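The values are calculated or read from the model by the stated rules, or taken from the named source; none is laboratory data. For clarity, every value in this text was computed on a predicted model and none was experimentally measured. Heads up, the Cβs are rebuilt from the backbone with ideal geometry, glycines too, and the neighbour counts pull from every protein chain shown. The protein model used for the area step is the full one, side chains on, heavy atoms only, and it has no ligands, DNA or RNA in it. Shrake-Rupley method; radii C 1.70, N 1.55, O 1.52, S 1.80 Å.
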Amino acid sequence: MMILGLVRWMQPVHGYDVRRELLSWSADKWANVQPGSIYHALRKLADEGLLRAVSTEQVGARPARTTYEVTPKGEDEFETLLRAQWWQLHEPPDPFVAAFSFLPAMPRDEAAAALRNRANLIRAGIESMRASLDSDWVRNRKPVHVGWMFELWLARGEADMAWCERIAERIESGVSYLPAELEGAEGWSGWEDRLPDRTANAE
């Protein structure tokens, strides 16, 4: 959608300018658009009839540049993709969630330390985003909605950071990972060696 939308916005345009624009947006970090795949994606969109090659030119010894524009079919596809993202909720897969589901496999002290480290990394990212949000680059040289996106990322980061610190405290407190009804129940034996030592806690 990103590449199709940019061609639609900048057309007629060649791949170099699409790549440069996406990099200026840092889309490789938040939209899963890798710079090295842009030219391939443009050719694929053209093969699918979503883009049309307007011209190909070559200046000196530089590689030939093909200029593209969106076809009527591409217009329809962009509108469909755009509204699908606006009106539906999409949860991206998060490797951390997969790892967290095996929390009992981690020693408590290491799990708590890892969560605090994650919080610190997020905090650094939040500070960087705040600096960008307050910068002239965002306030005066970008559309207003770019700042609104930064506000969304800040809110998500702050929530994630607070959760990490809160769960780290619970882990360090020795709280059981299982409800009382499941402790010692059949099928949960793999959790037993990670349950808190109640004798030690009682002392």
Scanning the range 75-121 for residues that are closer than 30 Å to residue 177 by Cα and touching a Leu at 6+ places or on another chain (Cβ under 7 Å) gives 111
Single unsatisfied condition, residue 85 versus (1) of a type in the set (S, T, N, Q); (2) open to solvent by less than 60 Å² (accessible area, probe 1.4 Å); (3) in contact (Cβ under 8 Å) with a residue 60 or more places away in the chain: (2)
In the range 107-129, the residues that are exposed (fewer than 15 other Cβ atoms within 10 Å of the Cβ) and touching a Lys or Arg at 6+ places or on another chain (Cβ under 9 Å): 107
When you check residue 132 against the structure, is it out of contact with any Ser or Thr (no Cβ under 8 Å at 6 or more places or on another chain), outside any helix (DSSP H, G or I) and surrounded by 11 or more Cβ atoms within 10 Å (Cβ to Cβ), yes or no? no
State whether the residues of the range 135-158 include one that is assigned to a helix (DSSP H, G or I), more than 26 Å from residue 2 (Cα to Cα) and at pLDDT below 90. no
Search the range 88-106 for residues being free of Cβ contacts under 8 Å to residues at least 12 places away in the same chain and part of a helix (DSSP H, G or I), and hand back the single one that is surrounded by the fewest Cβ atoms within 10 Å (Cβ to Cβ). 95
Considering residues of the range 13-52 that are among the hydrophobic types (A, V, I, L, M, F, W, C) and open to solvent by 60 Å² or more (accessible area, probe 1.4 Å) only, the residue nearest to residue 67 (Cα to Cα): 23
Suppose the filter is open to solvent by less than 90 Å² (accessible area, probe 1.4 Å) and either without any contact (Cβ under 8 Å) to a residue 40 or more places away in the chain or of a type in the set (Gly, Ala, Ser) (or both); does residue 10 pass it? yes
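Each row is one residue, and each column tells you yes or no for (1) at pLDDT 90 or above; (2) in contact with a Phe, Trp or Tyr (Cβ under 8 Å, 6 or more places away or on another chain); (3) farther than 30 Å from residue 16 by Cα.
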| position | (1), (2), (3) |
| --- | --- |
| 36 | no, no, no |
| 49 | yes, no, no |
| 62 | no, no, no |
| 70 | yes, yes, no |
| 86 | no, no, no |
| 94 | no, no, yes |
| 97 | yes, no, yes |
| 103 | yes, yes, yes |
| 115 | yes, no, yes |
